[in-house]
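Trainee: To start, I am sharing the structure in question, which I have written as structure tokens.
The values are calculated or read from the model by the stated rules, or taken from the named source; none is laboratory data. Note that the structure is a prediction, hence the values are computed from the model and not measured. With ideal geometry, Cβ positions are generated from the backbone for all residues, glycine too; neighbour counts draw on all protein chains shown.
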């Protein structure tokens, strides 16, 4: 490593996670790489996390930030990212567990590639009790390096970054924070990764398993009543993120000129499906239109937009179906880019 004493900021948003925090903190203290700070954000919890954290706060590297009322994951992320001091940052879940070499291997990998904005890897899935979780997602085989602009195109197709396992270059993140939209319920990290890749940086993949990721059967993200939000965001995030990136980077501008219309058409197709189920929110229509037309002052009607772009929507839908039929891994974003990773 070029700089073996690089400080890593470990950011831990916590909401009613006191049951799991000691196990995570023990795994942090067991790291073979000792140069870190831990910022734990108590997001209005009702289970008194300060009591279980008291022994760890005697370690000068651990810090507890608290606020009330509960403000949600997006605000917690923004608060912790704004407070970090490290050259790199990571954000494991409050209920995750790090292997002892997690920081050492991540720092080593990213410092060998100055053009990389992050390094991530596959997690070991565990259930609420810590037992191995059997029903995991389809494994996706990533190359060790995704270089720009391919890193951006891959992210427009799917959020391939395993966020809890990622170590990220702080200098890049700090420059991008002013462009980060915080209103996403499920995909704030996907938006952020697209911005990072659009800035011209590489993504690194480490096949070694260095983190245990806890899967909850009662997770809110799996709740059927929130399905319309998930469906909206998988189409909104790529179009809004790429348009945002087009403001400050050549890769973003080139990506928008090539894929912007298709991304917007794919959103309109999803919006039509949401509309038929009574799940389309007017603010989503405006957000997508603001991105497409490049101005927040423009008010649009969903039906007018669908009519105006109907030919493009149908053509994009046909291309999307053909692209997906050639894939072994079904992406949530723009399938038409057709990167070999997903075939």
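Trainee: Which condition number in (1) touching a residue at least 12 places away in the same chain (Cβ under 8 Å); (2) surrounded by fewer than 20 Cβ atoms within 10 Å (Cβ to Cβ); (3) out of contact with any helix residue (DSSP H, G or I) (no Cβ under 7 Å at 6 or more places or on another chain); (4) under 27 Å from residue 233 (Cβ atoms) is the one that residue 178 fails?
Mentor: Going through the list (1) touching a residue at least 12 places away in the same chain (Cβ under 8 Å); (2) surrounded by fewer than 20 Cβ atoms within 10 Å (Cβ to Cβ); (3) out of contact with any helix residue (DSSP H, G or I) (no Cβ under 7 Å at 6 or more places or on another chain); (4) under 27 Å from residue 233 (Cβ atoms), residue 178 breaks only (1).
Trainee: Which is outside any loop (DSSP other than H, G, I, E, B), crowded, with 17+ Cβ neighbours inside 10 Å and out of contact with any strand residue (DSSP E or B) (no Cβ under 8 Å at 6 or more places or on another chain), of 273, 315, 289, 304? Break it down into steps so the answer makes sense when it comes.
Mentor: Numbers: 273 fails: crowded, with 17+ Cβ neighbours inside 10 Å; 315 fails: crowded, with 17+ Cβ neighbours inside 10 Å; 304 fails: crowded, with 17+ Cβ neighbours inside 10 Å.
The unique qualifying residue is 289.
Trainee: Just one of the numbered conditions (1) closer than 24 Å to residue 151 by Cβ; (2) exposed (fewer than 14 other Cβ atoms within 10 Å of the Cβ); (3) at pLDDT 95 or above is not true of residue 247; which one?
Mentor: With (1) closer than 24 Å to residue 151 by Cβ; (2) exposed (fewer than 14 other Cβ atoms within 10 Å of the Cβ); (3) at pLDDT 95 or above applied to residue 247, the lone miss is (3).
Trainee: Still on this model: For region 1-94, please list each of the helices (runs of 4 or more DSSP H) lying entirely inside it that holds at least 1 residues being under 24 Å from the mean Cα position of the chain (by Cα).
Mentor: Numbers: elements: 21-29, 49-53, 73-83.
Those helices (runs of 4 or more DSSP H) span 21-29, 73-83.
Trainee: Given 168, 160, which one is within 20 Å of residue 106 (Cβ to Cβ), touching a strand residue (DSSP E or B) at 6+ places or on another chain (Cβ under 8 Å) and not in a strand (DSSP E or B)? Quick ask: steps written out before the conclusion?
Mentor: Working: 168 fails: not in a strand (DSSP E or B).
Step by step, each of 168, 160 is checked, and only 160 is within 20 Å of residue 106 (Cβ to Cβ), touching a strand residue (DSSP E or B) at 6+ places or on another chain (Cβ under 8 Å) and not in a strand (DSSP E or B).
Trainee: Mind telling me which of the residues 160, 119 ends up being in contact (Cβ under 8 Å) with a residue 60 or more places away in the chain, within 27 Å of residue 260 (Cβ to Cβ) and crowded, with 18+ Cβ neighbours inside 10 Å? Explain how you work it out, then say what you get.
Mentor: Working: 119 fails: within 27 Å of residue 260 (Cβ to Cβ).
Residue meeting the stated conditions: 160.
Trainee: Somewhere in region 111-118, is a residue within 23 Å of residue 215 (Cα to Cα), in the same structural domain as residue 165 (by TED's automatic domain parsing) and either in contact with a helix residue (DSSP H, G or I) (Cβ under 9 Å, 6 or more places away or on another chain) or not in a loop (DSSP other than H, G, I, E, B) (or both)?
Mentor: Restricting attention to region 111-118, the residues satisfying the condition of being within 23 Å of residue 215 (Cα to Cα) are none.
Scanning region 111-118 turns up no residue that is within 23 Å of residue 215 (Cα to Cα), in the same structural domain as residue 165 (by TED's automatic domain parsing) and either in contact with a helix residue (DSSP H, G or I) (Cβ under 9 Å, 6 or more places away or on another chain) or not in a loop (DSSP other than H, G, I, E, B) (or both).
Trainee: Taking residue 16 and the conditions (1) more than 23 Å from residue 186 (Cβ to Cβ); (2) surrounded by fewer than 18 Cβ atoms within 10 Å (Cβ to Cβ), which numbered condition does it fall short on, given that it satisfies the others?
Mentor: Condition (1) is where residue 16 drops out.
Trainee: Check off (1) under 20 Å from residue 214 (Cα atoms); (2) out of contact with any strand residue (DSSP E or B) (no Cβ under 7 Å at 6 or more places or on another chain) for residue 32 and give me the number that stays unchecked.
Mentor: Failing condition for residue 32: (1).
Trainee: Name the residue, out of 230, 277, 214, that is assigned by TED's automatic domain parsing to the domain that holds residue 308, touching a residue at least 12 places away in the same chain (Cβ under 8 Å), closer than 22 Å to residue 162 by Cβ and out of contact with any helix residue (DSSP H, G or I) (no Cβ under 6 Å at 6 or more places or on another chain). Talk me through it step by step, then tell me what you get.
Mentor: Values: 277 fails: closer than 22 Å to residue 162 by Cβ; 214 fails: assigned by TED's automatic domain parsing to the domain that holds residue 308.
After applying the criteria, what remains is 230.
Trainee: Now a separate question. Any residue that is surrounded by 15 or more Cβ atoms within 10 Å (Cβ to Cβ), at pLDDT below 90 and either within 25 Å of residue 207 (Cα to Cα) or outside the structural domain of residue 180 (by TED's automatic domain parsing) (or both) - is there at least one of those in region 59-79?
Mentor: No, because not a single residue in region 59-79 is surrounded by 15 or more Cβ atoms within 10 Å (Cβ to Cβ), at pLDDT below 90 and either within 25 Å of residue 207 (Cα to Cα) or outside the structural domain of residue 180 (by TED's automatic domain parsing) (or both).
Trainee: Determine, yes or no, whether residue 204 is in a strand (DSSP E or B), in contact (Cβ under 8 Å) with a residue 12 or more places away in the chain and within 21 Å of residue 338 (Cα to Cα).
Mentor: Yes: the conditions hold for residue 204.
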